[in-house]
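Below is one structure, written out as structure tokens; the observations come after it.
The values are calculated or read from the model by the stated rules, or taken from the named source; none is laboratory data. This one's a predicted model, so the numbers in the text were calculated from it and none came from an experiment. Note: ideal-geometry Cβ built from the backbone for every residue, glycine included; neighbour counts use all protein chains shown. These accessible areas exclude ligands, DNA and RNA; they are computed on the full protein's heavy atoms, side chains included. Shrake-Rupley method; radii C 1.70, N 1.55, O 1.52, S 1.80 Å.
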Amino acid sequence: TPLYSSAASDVYKRQQSQLTNWTALNLNAPLQHYTRSISVVDSNIIWGLIFENNFFIGEQFFKTTDGGQTFETGILPFSVDNGSAYSIHALDENIAFTATSTSSGGIVEGVHRTIDGGQNWELILDNQANNMFSTWVYFFDTQNGVVQCTEEDPLTSVFYYTEDGGDTWTKSISEFEINSIFTRGGNDGFDAVGDTIWSSNVNDVIYKSTDKGETWEAYNTGLNSSNVTDIAFKDNLNGLAVAPINTNPFVDNILIQTSDGGETWTEIVLQFPNIISQGNTIEYIPGTAGSYIIANGDAGFTPNSFGYTLDNGVTWVYAQAPFNLYCTDFLSPTLGFGGTDIISGGLLKYNDILFGESTAVEVVSDTKVNIFPNPTQDKIFIELEDELQGNLTLRIMNTLGQIVLQQNISKNQDKEKWEINMSEIPTGSYQLMISNGESLITKSVVKF
């Protein structure tokens with residue numbers, strides 16, 4: 001496996017010392033590459049795909065079984081030079097699947113499977129034999145899996161499902177004519193909760209299956225934009241999806257929400273429409289009441305930036321990772337991973353409390369809380385009525401996701417007031433958070 005040069009190692013160490021909330025892990029892969037897709041099985045087992053920056057060719061995979069202390073890398077057995085594995089899904093340290101397309105439009109490869117930890121890979125669904133592209137692959141368990149594909153002439157979105165671990169595949173009777181191909185893949189384009197799975201990889205239509213991919217329904221999002229690039233659900237009913245409107249040279253983003261499992265959608269106005277790009281991804285943070293993260297994806301106009309919400313998309317915080325996030329995969333409110341450029345290590349590990357504030361109940365959005373003066377120059381008064389009782393934690397967070405002030409407060413009566421000194425905090429916009437460990441109140445504060 002190629003190693004870092006001494007100069008690159010120095011860069012890596014300098015960058016690593018500057019991290020906040022994220023830790024860089026070193027894949028020891030070629031420096032011109034980046035991590036495009038990851039599959040986190042548990043806190044120790046993570047698989048991923050490595051892309052070549054210049055040509056969008058992804059033929060390498062990596063695996064760790066010790067939480068990122070050490071990595072194994074290998075080459076997928078493609079029959080052509082421009083084959084690209086766009087999606088990886090792993091079940092354990094031995095079994096993993098990849099979905100393959102190509103950057104130049106040729107129909108090659110398909111779905112590969114390994115059952116020996118990546119030493120050998122077998123082509124179990126052939127793209128060329130079925131005249132299609134494979135975009136993503138997902139397995140509900142060891143036996144049941146589904147692949148989203150695009151057939152040519154005419155362009156049609158189709159799905160194949162398996163009930164025997166990938167030995168045999170059946171084409172779903174549900175197929176949908178489309179007018180474009182979307183093969184970005186990676187960790188975006190689909191989400192699953194239990195036996196239900198959604199696909200958002202083409203046009204402004206979202207597909208849904210409630211029987212592990214055997215049959216599908218199509219639901220229009222009401223957007224007249226380009227592709228819905230990604231979708232995330234916290235349960236069978238409630239989810240968010242993100243789509244770009246290409247208005248070159250700017251790329252504005254639309255965020256939409258559903259509360260009926262994806263059948264109908266309404267728009268949420270983003271406070272930072274240009275924070276991300278046309279390749280953005282969105283993910284629900286498991287174990288939270290309503291935390292989601294939007295990352296750059298594979299085409300970032302604002303490198304390193306990401307957004308997160310703790311209240312189901314109502315309010316958002318603009319933040320920055322130490323390096324660009326091409327994909328993310330979270331296990332819990334306090335543990336997640338993100339793919340990044342190899343020169344920056346290749347994989348970022350998130351291990352903090354940022355998303356852990358809404359783990360028990362919904363974020364309180366209509367609480368009787370007053371902040372004055374706001375904007376402020378040196379101090380604020382916080383007046384809180386009802387809602388929370390007992391020992392509370394007050395935090396003020398900046399737009400980078402960094403906590404700039406934290407203190408413990410106590411509320412033992414229906415109405416309480418506190419004075420908070422902000423004179424030592426730089427000017428800017430902040431998020432005030434008050435939590436008792438179960439409920440969370442968030443309010444915006446401006447210091448001038």
Being farther than 22 Å from Gly339 by Cα and at pLDDT below 80 is the filter here, so list the residues in region 267-288 that pass it.
-> Val269, Leu270, Gln271, Phe272, Pro273
When you look at Gly68, is it surrounded by fewer than 24 Cβ atoms within 10 Å (Cβ to Cβ), part of a loop (DSSP other than H, G, I, E, B), modelled with pLDDT of 85 or more and not polar (S, T, N, Q), yes or no?
-> yes
Would you check which residues across region 162-182 are open to solvent by 60 Å² or more (accessible area, probe 1.4 Å) and either closer than 20 Å to Ile95 by Cβ or not in a strand (DSSP E or B) (or both) and list them?
-> Glu163, Asp167, Thr168, Ile173, Glu175, Asn179, Ile181
Could you check, for region 86-94, whether at least one of its residues is open to solvent by 10 Å² or more (accessible area, probe 1.4 Å), among the hydroxyl-bearing types (Ser, Thr, Tyr) and modelled with pLDDT of 95 or more?
-> no
Evaluate the following for Phe133: is it open to solvent by less than 20 Å² (accessible area, probe 1.4 Å), aromatic (Phe, Trp, Tyr) and at pLDDT below 95?
-> yes
Which of the residues spanning region 206-221 are outside any strand (DSSP E or B), of a type in the set (Lys, Arg) and free of Cβ contacts under 8 Å to residues at least 60 places away in the same chain?
-> none
